[in-house]
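S.K.: For reference, the structure I am asking about is given below.
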Amino acid sequence: MRFNGMTSQELRIKFLKFFESKGHTIIPSASLVPREENQSVLFTTAGMHPLVPYFFGKNHLGGKRIANSQKCIRTADIDDVGDNRHLTFFEMMGNWSFGDYFKKEAIEWSFEFLTGKEWLNMDPKRIYVTVFRGEDGIPCDDEAIEIWKNVFSKIGMNIRVAGKDEIMKNDIRIIPLGVDDNFWIAGETGPCGPDTEIFYDTRPEEGILEGNFSDFVKNFRLIEIWNNVFMEYEKKLKIKNAKLKIEEAKEYEYIKLKQRNVDTGMGLERTVAVLNGKETVFETDIFEPIFDAISKVCGKKYNENPEIKKAFRIIADHIKASAFIICDGVMPSNIGRGYVLRRLIRRAVRYSRTLELELNFKLIIDAIIDIYKVQYPELDLKSPEIIKAIRQEVDKFNKTLERGLKEFERTVSAVFGDTTMREEKDAREMAYDALKKISGKIAFDLYQTYGFPIEMIKELAREYGLAVDEIEFNIELEKHQEVSRKGAEVKFGGHGMEVESLKSKVENFEEIEKKKKLHTATHLLHQALRIILGVTVGQMGSDINSERLRFDFTFDRKMTPEEIKLVEELINEQIRKNLNVKYEEMLFEKAVHLGALAFFKEKYPDRVKVYSVGGFSKEVCGGPHVENTSEMGEFKIQKEESSSAGVRRIKAILR
Ligand code: SER
């Protein structure tokens, strides 16, 4: 299995050389770990991510025209790696204008690079583009449409722009689409703008494209290879007096940036694949030597059967991503980036079992470093550390993996009787099984005793068509964290915990009073977060001492300073309203019916107390709380940080 088409290194060099010839400075890839001031994501997920400050006008040492190939990690799809296209590690090549050239040059150069004889030499007839058709108060990108028409007409191609909802046929080559397809933004707020995406026809032999554009994208005949974003706006959350309804509290506006920027992204792996007529990113020079190494150590062949193929792909992608992550200074752990790294390595180890061999990861890492060392010399320099860190993690997990898997299987058959794997079941059986859940206690035991990341437990469960009770798992996890926390602090929020029992545990009455205030503040915070950030916010943990409250909640990015301010304002507004805090006892079902916030369902008894703070918050809780918000003082968030993957942590005080 030897690769003899255009290699990834050739493509990288061509791309960078081309833009160098257009006056761009070539810069190295930034770290996978975002810099201090830009910690809204765990890892660099797109080429633009490290460059955001320059869209706002910060001076780049390289000047106003930059080109690079940026390493990226996307973790949302880890469990999909194994199919034809998902990867966790990939490279994004890009050319950048910080307030310099704009649409005309960007589009013309894209076309020149793709079709130029000495560059990629693509047949222009295989190129289709989408543009922004206007939406959300932002106008249709007529300028980009005109430029594209000219570009094609210069080489004698008379092409047409699709009308609204018009299907593809004959000479239609420019397809205007809406905000969801052709307006690019990295998160909910930030620099953004309309884009034009360039697609490549991978199967021209199937004849003229006639039908819905989106169908050709879905069946992979048209593959997006390059995105040109015209960053000229900033999407901002408007500061206004927060109202109670989410829709009212959240309002966005688009503000023109002081300068017009260009951000382009061309996926290296995908482009290498299509240039070589391959259906999958795995059949390229970026993977084949890694597969050879895996083959050498396990004696199996990549193409032997689908199961083995999947294992090869997972091991190659995950170990590659792990090597790059370690190279940028992250070590396996149970939180944040370290946890993602741990998941990647452990998932690779689990799949190495499919190959019936304890894999020698050193040979595999060597193969990876060999592919990348020219572009990323740091990988080579740090290879001893990388190998050591991966080996340690592999050894650690190998010690418990076998027993853990046995335990998992034993549990499944003990609890559900039937351990038929998913493939052997029909749809009806599957639907029925999906209602069956592996209890959170069992999942926690696998996590705690055998080191199985929760995502791996879910993946294993899915293979049997089962689900995992994650809510209960989180309760167990939280309980465990409580126990291991130093000092016996009093935990608030559990049902049935009365002031009396608190008093016996905490000598100092004043301390109880302080904690009470912070406990009521926790309820206000919970509700305020759901109003400002949306109802996907859910409590994951809470801890109060006499100084501060700590609140963990589900949310997938850093809060913006505006959002933090909005939350504080909203809470202080409630405090100033001198709201009464009351509770009512009722059946748990009724509490839920009344819309009281309730978590950790299993933990509650039949009858519960529902605490309400005015009409603002309603939550199932054991108390204690203040009687009126006038007792509380001013609420202030001191810190907002990541707690673990998808979970944020706020520390706040009353002053
Ligand atoms: N920001 C755009 C993307 O990531 C273009 O680089 O797709």
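Where a number appears in this text, it was derived from the coordinates with a stated rule and is not lab data. The structure displayed is predicted, hence computed values, not measured ones. Here the Cβ positions follow ideal geometry from the backbone for every residue, glycine too, while neighbour counts run over all protein chains shown.
S.K.: Given the alpha-carbon gyration tensor of the chain, what are the semi-axes of its equivalent ellipsoid in whole angstrom, ordered largest first, with each equal to the square root of 5 times an eigenvalue? Show your work: numbers first, answer last.
M.R.: On the way: eigenvalues 432, 225, 110 Å².
In descending order, the three semi-axes are 46, 34, 24 Å.
S.K.: Could you list E91, E393, E188 in order of exposure, starting from the residue whose Cβ has the fewest other Cβ atoms within 10 Å? Intermediate results must be reported in sequence, preceding the final value.
M.R.: On the way: E91 26, E393 23, E188 15.
Ascending Cβ contact count within 10 Å gives the list E188, E393, E91.
S.K.: Now a separate question. Which of M331, M92, M231 has the fewest other C-beta atoms within 10 Å, and how do the rest follow up to the most?
M.R.: Details: M331 14, M92 23, M231 28.
Ascending number of Cβ neighbours within 10 Å: M331, M92, M231.
S.K.: Hey, what's the per residue convex hull volume over the C-alpha atoms of the stretch 312-382, in cubic angstrom?
M.R.: Dividing the Cα hull volume of the stretch 312-382 by its residue count gives 81 Å³.
S.K.: Also, quick follow-up: Over 28 Å between Cα atoms, which of K458/K565; K436/K609; K516/K577; K14/K154; K278/K301 qualify? It would help to have the intermediate numbers written out before the result.
M.R.: Working: K458/K565 37 Å; K436/K609 30 Å; K516/K577 18 Å; K14/K154 24 Å; K278/K301 19 Å.
Result: K458/K565; K436/K609 exceed 28 Å.
S.K.: Which GluC sites (Glu not before Pro) does the stretch 93-130 hold that lie in a coil by DSSP with at most 11 other beta carbons within 10 Å?
M.R.: Sites meeting the loop and neighbour criteria: E118.
S.K.: Now a separate question. With Rg and the Kirkwood Rh both taken from Cα atoms, where does Rg over Rh land for the stretch 130-227?
M.R.: Details: Rg = 13.9 Å, Rh = 14.3 Å.
Looking at the stretch 130-227, the ratio lands at 0.97.
S.K.: How far, in nm, would the chain grow between E210 and E641 when pulled straight, counting 0.36 nm per residue and subtracting the alpha carbon separation?
M.R.: On the way: separation 431, 0.36 × 431 = 155.16 nm, distance 5.00 nm.
Here the answer is 150.2 nm.
S.K.: Now a separate question. Name the aspartates and glutamates eligible as straight-distance cross-link partners of K558: C-alpha to C-alpha under 17 Å, and not fewer than 8 places from it in the same chain.
M.R.: Qualifying aspartates and glutamates at Cα under 17 Å: E36, E37, E188, E568, E640, E641.
S.K.: Once both labels are modelled 7 Å past Cα along the beta-carbon direction, what's the S439-E631 spacing in nm?
M.R.: 3.9
S.K.: Taking R0 as 25 Å, what FRET efficiency do you get between H60 and L381 from their Cβ-Cβ distance, rounded to the nearest 0.05?
M.R.: Values: r = 26 Å, r/R0 = 1.04.
After rounding, the FRET efficiency stands at 0.45.
S.K.: I've got another one for you. With runs of 4+ DSSP H residues as the only contributors, calculate the mean residue ellipticity of the chain at 222 nm using -39,500 (n - 2.57) per run, divided by the residue total and rounded to the nearest 500.
M.R.: Numbers: 22 runs with 264 residues, N = 655.
For the chain, the value works out to -12500 deg cm²/dmol.
S.K.: For a quick check: sort Y583, Y450 by the number of other beta carbons within 10 angstrom, fewest at the front. Numbers along the way, then the final one.
M.R.: Working: Y583 17, Y450 20.
By the 10 Å Cβ count, ascending: Y583, Y450.
S.K.: Follow-up question, since we're still on this one. How big is the gap, in Å, between the Cα center of the stretch 514-539 and the Cα center of the stretch 612-642?
M.R.: With the stretch 514-539 and the stretch 612-642 each reduced to a Cα centre, they are spaced 7 Å.
S.K.: Mind ranking 538-547, 632-641, 161-170 by how tightly packed they are, going by the mean number of other C-beta atoms within 10 angstrom, highest first? Mind showing how you got there, number by number?
M.R.: Numbers: 538-547: 18.6, 632-641: 15.9, 161-170: 12.8.
For the peptides 538-547, 632-641, 161-170, the packing ranking is 538-547, 632-641, 161-170.
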